[in-house]
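Since every read-out is calculated from the coordinates, none of them should be taken as a lab result. If you're wondering where the values come from, they're calculated on a predicted model, not measured in any experiment. Because the Cβ atoms are built from the backbone with ideal geometry, glycine has one as well, and the counts that use them run over all protein chains shown.
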Amino acid sequence: MSVDDLRGRFEGLFERDVTLVLAVLGTIYLAYVLAGVAFGYGLRGQLNSIANLTFYVGAFGMLALALNLHWGYTGLFNIGIVGFMGIGVYVTALVSKPPVAQGGAAQVGGLGLPLGVGMLAGVVVAGGFGLLVALPALRLRADYLAIVTVAFSEIIRFTMMSRTFQSYTVPDTIDLTVAGVQLFSLDPTADTIGLGGGGGLILNYADPLEALLRTLFLWEPYLGFVAFVQRTLIPNNPKPVIDGLLYGIVLLIGVGLFYLLLSRTGKSPFGRVLKAIREDEDVANALGKDTDRFKLTAFVLGSALMGLGGILWYSSRGSITPPSFRPNITFFVWIALIIGGAGSNTGSFLGGAIFAGLLYEGPRYVKNLVEAAFNLGDAPRNFGEAVAAFGSLDPVPFLVYTLDSVSQLRLVIMGVVLIWLMHNRPEGLLGHRKETASSVDLTRPSGGDAGNAAAADGGENR
Amino acid sequence: MSISETYVRYRRTLGEEPLAIGVVLVALWMVWALVSGLWTGGIQVSSLASLVWDGLLRGLIIGLAGIGLSMTYSILNFANFAHGDYLTSGAFAGMATSYLVAGIGENSVGALLLVGAGGSVFGGALGIGVTTSPIAVVLGAIVAGGLTIALALFIDRFVYKPIRDESGIALLITSIGVAFALRYLIQFVFGAGVRGTTAAGSVPRINVPAFDGTFRVTAHDASLIVVAGGLMLGVHLLLQRTKLGKAMRAMSDNEDLARITGIPTERVIRTTWIVGAGLTGIAGYMFVLWKGTLGFNDGWLLLLLVFAAVILGGIGSIYGAIGGGIVIGLTASVSVIWIPSEFGRAAAFMVMIVILLFKPEGIFSGRTTA
């Protein structure tokens with residue numbers, strides 16, 4: 001098989017994947033637009049709803065891709081994702097928050113460096129913590145690694161909540177003097193710095209979108225575009241809507257970059273070793289690969305990407321608080337990955353998109369749809385009142401209560417979907433798309449003269 | 001490169017020895033801080049005793065819950081992440097029964113069965129407590145165990161049994177799904193609020209003198225010790241005196257071989273669930289009775305500590321689970337002497353991680369279910 005042939009094959013696959021991705025995204029978006037029509041949304045409402053959907057598709061897509069590097073490629077069972085996300089966004093906040101406390105005495109400041117520096121620092125520190133976890137933990141069995149990583153993410157959350165790290169006062173000058181010789185003298189701009197404790201941190205740095213556009217010299221054209229939209233389409237204050245949409249698009253571009261990076265990694269010699277480790281670590285070791293080093297690199301890279309995913313998810317929010325970083329988010333990303341199928345990058349992104357559209361945001365839309373269609377009145381305050389109405393053969397209160405609790409039932413649905421997937425399609429919706437640990441295609445060419453009696457040579461000479 | 005060379009390099013790369021030295025140094029510093037604190041009076045003996053007492057009781061609950069986890073872990077070969085929500089289920093089932101028994105006649109049955117969801121009934125007003133309403137508590141504990149057994153068997157039949165032959169990781173992921181479904185169904189039915197469940201003021205207590213002060217022992221502490229001790233002894237006898245223990249050990253070593261030798265493996269699995277889930281449900285109920293509050297997240301929050309205990313003690317060993325539970329409980333409570341109190345649980349996780357690094361088979365190593 002010639003190289004061109006192989007390339008054609010890969011491109012063919014890519015073509016089909018592109019259509020698949022577009023079809024799935026198209027279906028989800030269409031459903032949301034139709035739901036918007038049913039709610040009687042105007043243009044503004046529709047755009048808001050689409051921006052929100054795009055945000056979560058992007059966020060879960062990115063995180064599922066990063067997890068795919070750990071689990072799909074290398075077979076590392078990491079359930080501490082939210083810990084790395086939290087580290088990323090907290091470090092970004094510490095580095096980029098303005099030094100002077102603006103939110104009153106209770107608020108802590110930061111170092112006041114540009115947002116780009118903060119994001120870079122967040123990614124690097126998340127990767128560093130990945131190294132810290134991986135160095136001792138990668139020797140462990142998969143289930144032990146799982147427990148260690150989830151314990152790690154909880155330790156991170158306790159640290160965020162702790163009063164001990166809430167706030168430090170930074171001295172005006174830091175002098176390091178050894179034996180009378182002044183080594184260096186630093187004059188930090190920060191007054192206070194810390195993790196903010198249970199109250200979290202207010203992210204009062206420059207708006208990430210504005211910072212990005214200013215770097216690209218697109219801020220003025222963007223403002224012009226917003227003014228244009230205001231004149232023609234949305235008369236009152238269109239900026240938040242357009243901001244949201246643009247941020248969603250930025251996240252999708254992020255997904256694209258993650259995808260490119262990871263598929264290139266997967267196809268490189270490095271990626272093949274990772275897949276070999278996933279299949280059988282002892283064999284990879286016996287072939288002379290330093291599997292510990294490969295696992296370590298993959299874990300650190302994946303952790304850094306998770307940190308970046310966390311930064312992009314949370315840095316556009318007004319504030320961050322420790323309860324956002326509960327292990328639930330980790331399991332959301334896992335469900336997304338399993339929906340799409342571990343081991344395939346396209347599958348990971350599709351899983352992220354389907355999870356975000358159907359399981360994460362979908363139930364809320366169903367609730368709103370039903371509420372818009374029927375005038376159901378107030379929900380019963382608790383399960384008892386809801387069930388009590390059955391006595392008078394009135395199921396409506398129960399249904400209203402169910403709808404009202406949709407944010408909890410959403411998680412029940414996720415759990416049931418996960419169980420169903422593990423029973424029926426453990427390889428994911430896309431089917432068996434795990435890439436093999438080989439540089440050439442290992443599948444036998446099908447069709448043609450496969451059925452010929454000439455296969456007495458084992459079909460090897462074809 | 002020779003094997004020994006590789007091994008040495010391996011040890012160096014992973015920095016095992018600096019870690020070991022670090023652990024020893026930390027231990028020395030802790031001893032020094034404790035002794036000097038006691039000497040100078042910075043740490044009171046009575047407050048230390050009260051921390052130790054609290055840690056011991058916490059450890060008994062963790063250990064009791066850990067037995068079930070350890071048994072299923074070694075026999076079915078997967079880490080059951082839904083175990084914490086079995087604890088919660090037991091706690092809610094038991095408390096609903098206690099509420100019903102203590103409050104029937106004066107309150108609506110629905111409010112009682114929902115354990116006072118939305119503040120309709122208060123446990124304190126019903127006088128829930130081992131001395132004030134002993135029958136309600138005993139019945140509550142029995143129902144907690146029974147319903148958790150039924151729940152575990154139901155889930156096993158419809159969730160775990162169809163994929164019994166899959167890898168431990170597939171089962172682990174499935175159990176995360178079970179945990180989600182169970183936890184948020186409980187929240188759907190019983191509401192999200194954390195409620196007080198006992199008449200905390202009317203629980204009899206004595207102040208035990210301890211050198212420079214006293215520490216408090218309540219009737220619920222005592223009942224927890226009696227129940228936990230009794231159940232642990234019962235499991236010990238069950239596994240020692242019957243063939244079940246031997247069959248379980250055989251299965252955890254090699255399931256196929258066990259089946260060939262005529263061990264009815266499915267029946268052993270069912271018995272394992274019954275014993276494990278019964279203990280778990282009662283542990284959940286006793287936990288809630290002891291701490292006096294109940295929320296839908298309680299079991300999940302305890303789960304990682306239970307895992308820590310089971311790993312510490314060595315998977316498959318019930319004595320390991322009990323011993324590990326007590327070590328973890330003591331760590332989580334007593335560590336506040338050295339570190340800020342927010343990090344008590346973090347310290348317990350660190351102990352688990354250190355054990356996994358140096359002795360991954362656990363301190364009471366070996367598969368010794370019995």
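See the values below:
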item: Cα centre as origin, Lys/Arg/Asp/Glu Cβ charges: region A:16-320 dipole, Debye; result: 680 debye
item: Residues B:H236, B:H83 arranged by fewest to most Cβ contacts within 10 Å; result: B:H236, B:H83
item: Overall Cα dimensions of the protein assembly as shown, principal axis frame, Å, largest first; result: 86, 79, 77
item: Counting all C-alpha pairs of region B:45-358, share separated by more than 27 Å (%); result: 43 percent
item: Protection-proxy order for peptides A:223-236, A:328-341, each taking the mean of Cβ atoms within 10 Å per residue, highest first; result: A:328-341, A:223-236
item: Cα-centred dipole magnitude for chain B, charges only on beta-carbon of K, R (+1) and D, E (-1), debye, nearest 20; result: 460 debye
item: Charge context of A:A298, other residues only, Cβ under 13 angstrom, K/R +1, D/E -1; result: +3
item: Residue among B:I311, B:F358, B:S74 farthest towards the positive dipole end of the protein assembly as shown, charges placed on Cβ; result: B:S74
item: Potential extension, B:I21-B:R241 segment - 0.36 nm per residue separation minus Cα distance; result: 74.8 nm
item: If the convex hull is drawn through the Cα atoms of region B:77-147, its volume per residue in Å³; result: 97 Å³
item: Restraint check, A:K239/A:K367; A:K97/A:K239; A:K97/A:K275; B:K161/B:K246; A:K289/B:K359, Cα-Cα greater than 30 Å; result: A:K97/A:K275
item: Order of B:V178, A:V89, B:V26, A:V82 - criterion: other Cβ atoms within 10 Å of each residue's Cβ, fewest first; result: B:V26, B:V178, A:V82, A:V89
item: Spin-label pair B:T261/B:V226, simplified geometry with 7 Å Cα→Cβ offset, distance in nm; result: 4.1 nm
item: Loop-located chymotrypsin sites (Phe, Trp or Tyr not before Pro) in region A:358-427 whose Cβ has at most 14 other Cβ within 10 Å (DSSP); result: A:F374
item: Neighbour cut-off at most 16 other Cβ (10 Å), DSSP loop, trypsin sites (Lys or Arg not before Pro), region A:362-407; result: A:R381
item: Pairwise FRET efficiency - A:F217 versus B:V109, Cβ, R0 = 56 Å, nearest 0.05; result: 0.20
item: Sequence ranges B:108-114, B:328-334, ranked by mean other-Cβ count within 10 angstrom, highest first; result: B:328-334, B:108-114
item: Top positive-direction residue, dipole computed over region B:45-358 with Cβ charges, set B:Y184, B:A136, B:G245; result: B:G245
item: Burial ordering of B:H220, A:H70, fewest other beta-carbon atoms within 10 Å first; result: B:H220, A:H70
item: Sparse-neighbourhood loop sites, chymotrypsin sites (Phe, Trp or Tyr not before Pro) in region B:298-354 - DSSP loop, at most 15 other Cβ within 10 angstrom; result: B:W338
